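Beneath this line is the structure, given in structure tokens, with notes to follow.
The values are calculated or read from the model by the stated rules, or taken from the named source; none is laboratory data. Model, not experiment: these values are computed from the prediction. Every residue, glycine as well, gets a Cβ built from its backbone with ideal geometry; the counts of neighbours run over all protein chains shown.
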């Protein structure tokens with residue numbers, strides 16, 4: 001990995017120390033150029049006309065994502081964000097009264113709110129599998145919870161806080177043995193881990209472009225395995241996702257683009273493809289290893305500081321580190337860091353209520369390390385953290 005070149009191609013590194021990659025990462029210059037270039041073309045010749053000229057670039061985005069997660073192009077829909085992607089899959093499932101969804105303690109708020117809405121509206125039941133002794137989902141307990149009413153296993157791969165990586169492959173093995181559809185929220189894992197949908201065994205996967213993929217905001221994608229595609233009914237249709245056959249009939253398109261709609265962020269879609277190609281060029285295994293090394297070293301340094309509590313869980317940990325500083329509110333920590341040119345964030349019980357209530361935490365700070373972060377930047381973060389404690 002040529003870190004010097006990567007940082008030169010990341011103009012934001014000249015201005016800030018960006019440790020909020022779990023929120024939205026800094027785009028590399030090729031992505032920025034692709035987005036701005038297409039927006040400029042739209043301004044010059046018109047949006048529809050610019051889209052026609054960009055057909056090859058748009059097709060490349062599907063091809064790039066298919067290489068990223070090892071799927072077929074026809075199994076992909078490119079949408080506005082990870083939430084839309086996840087919702088299109090979840091609300092497309094024909095769940096009825098008495099059906100059970102199994103999920104995790106660390107499930108993200110948007111997903112859990114959707115569970116609750118369908119419980120209220122459709123009569124489904126949500127059951128939460130317990131954690132094991134490391135704080136990740138207990139796979140054995142999950143499997144023991146399966147009965148004839150369980151119609152979906154839905155987990156967040158890398159939670160928005162807590163540092164853990166849930167054992168997605170082991171859960172996929174459980175789902176396969178039971179013949180139960182498996183929905184994986186990969187919002188925080190895509191771009192920082194090597195993902196292969198066949199190895200994982202998920203039937204549906206949702207992801208965003210703006211986080212560890214380093215793509216533009218307003219982009220995301222959904223994968224739906226071709227063998228389950230017709231089991232799902234898109235929550236809504238338009239003239240892109242379906243064809244108006246007669247005045248009284250329509251036909252849903254045969255591939256996963258049934259989960260898209262006609263109007264879309266063309267410049268962002270192109271930029272997403274460039275971001276995926278950029279990650280593939282570096283290599284996801286290389287990215288994952290560097291993030292792991294940086295996060296492990298920083299986590300150890302933080303844990304050694306009196307007055308700093310690292311709140312991370314799991315047997316395997318991600319590039320997200322959650323922490324708190326004694327007697328200092330998380331927002332104050334953010335403000336002090338910002339004044340030193342360091343971007344971090346916070347997360348509250350409103351994001352992962354089950355997890356944080358279980359641990360008795362209302363709010364904590366959060367950083368997300370990426371491969372383009374330098375060791376010197378992390379040293380500066382530690383210096384600032386020490387100054388807060390003084």
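Against the numbered list (1) in contact (Cβ under 8 Å) with a residue 12 or more places away in the chain; (2) assigned to a helix (DSSP H, G or I); (3) under 23 Å from the mean Cα position of the chain (by Cα), residue 59 comes up short only at (1). Checking the stated criteria, residue 113 turns out not to satisfy the condition of being surrounded by fewer than 24 Cβ atoms within 10 Å (Cβ to Cβ), in the same structural domain as residue 224 (by TED's automatic domain parsing) and over 23 Å from the mean Cα position of the chain (by Cα).
Looking at the range 36-50, is at least one residue at positive phi and surrounded by fewer than 16 Cβ atoms within 10 Å (Cβ to Cβ)? Within the range 36-50, one or more residues are at positive phi and surrounded by fewer than 16 Cβ atoms within 10 Å (Cβ to Cβ). Taken together, the residues in the range 328-344 that are surrounded by 20 or more Cβ atoms within 10 Å (Cβ to Cβ), within 18 Å of residue 362 (Cα to Cα) and touching a helix residue (DSSP H, G or I) at 6+ places or on another chain (Cβ under 7 Å) amount to 2. For the range 237-249, the condition holds for no residue, the condition being that it is at pLDDT 95 or above and under 21 Å from the mean Cα position of the chain (by Cα). Within the range 337-351, the set of residues being outside any strand (DSSP E or B) and within 15 Å of residue 323 (Cβ to Cβ) comprises 337, 344.
Okay, residues lined up against (1) touching a helix residue (DSSP H, G or I) at 6+ places or on another chain (Cβ under 6 Å); (2) closer than 20 Å to residue 26 by Cα:
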| position | (1), (2) |
| --- | --- |
| 204 | yes, no |
| 213 | yes, yes |
| 222 | yes, no |
| 226 | yes, no |
| 234 | yes, no |
| 250 | no, no |
| 264 | no, no |
| 283 | no, yes |
| 296 | no, no |
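The set of residues in the range 311-336 being farther than 19 Å from residue 166 by Cα and outside any strand (DSSP E or B) consists of 326, 327, 329, 330, 331, 332, 333, 334, 335, 336. Residues in the range 355-377 that are under 15 Å from residue 164 (Cα atoms), under 23 Å from the mean Cα position of the chain (by Cα) and part of a helix (DSSP H, G or I): 355, 356.
Once the range 224-245 is narrowed to residues that are farther than 23 Å from residue 63 by Cβ and in contact with a strand residue (DSSP E or B) (Cβ under 6 Å, 6 or more places away or on another chain), the residue that is surrounded by the fewest Cβ atoms within 10 Å (Cβ to Cβ) is 245.
Considering 221, 212, the condition of being surrounded by 21 or more Cβ atoms within 10 Å (Cβ to Cβ), in the same structural domain as residue 157 (by TED's automatic domain parsing), within 11 Å of the chain's Cα centre (by Cα) and not in a loop (DSSP other than H, G, I, E, B) is satisfied by 221 alone. Residue by residue through the range 144-201, note down the ones that are assigned to a loop (DSSP other than H, G, I, E, B) and free of Cβ contacts under 8 Å to residues at least 12 places away in the same chain. Once the filter is applied, which keeps residues that are assigned to a loop (DSSP other than H, G, I, E, B) and free of Cβ contacts under 8 Å to residues at least 12 places away in the same chain, the range 144-201 yields 148, 179. Just one of 140, 83, 134 is part of a loop (DSSP other than H, G, I, E, B) and either under 17 Å from the mean Cα position of the chain (by Cα) or not assigned by TED's automatic domain parsing to the domain that holds residue 356 (or both); which is it? Result of the check over 140, 83, 134: 134.
Can you work out which of the residues in the range 259-294 that are assigned to a helix (DSSP H, G or I) and in contact with a strand residue (DSSP E or B) (Cβ under 6 Å, 6 or more places away or on another chain) is surrounded by the most Cβ atoms within 10 Å (Cβ to Cβ)? Selected residue: 259. Quick check on my filter: what residues within the range 111-131 are outside any loop (DSSP other than H, G, I, E, B) and either out of contact with any strand residue (DSSP E or B) (no Cβ under 9 Å at 6 or more places or on another chain) or farther than 20 Å from residue 92 by Cβ (or both)? If the condition is that a residue be outside any loop (DSSP other than H, G, I, E, B) and either out of contact with any strand residue (DSSP E or B) (no Cβ under 9 Å at 6 or more places or on another chain) or farther than 20 Å from residue 92 by Cβ (or both), then 113, 114, 117, 120, 121, 122, 127, 128, 129, 131 are the ones that fit.
Would you pick out the residues in the range 310-327 that are more than 23 Å from residue 191 (Cβ to Cβ) and either exposed (fewer than 15 other Cβ atoms within 10 Å of the Cβ) or at pLDDT below 95 (or both)? 326, 327 - these are the residues of the range 310-327 that are more than 23 Å from residue 191 (Cβ to Cβ) and either exposed (fewer than 15 other Cβ atoms within 10 Å of the Cβ) or at pLDDT below 95 (or both).
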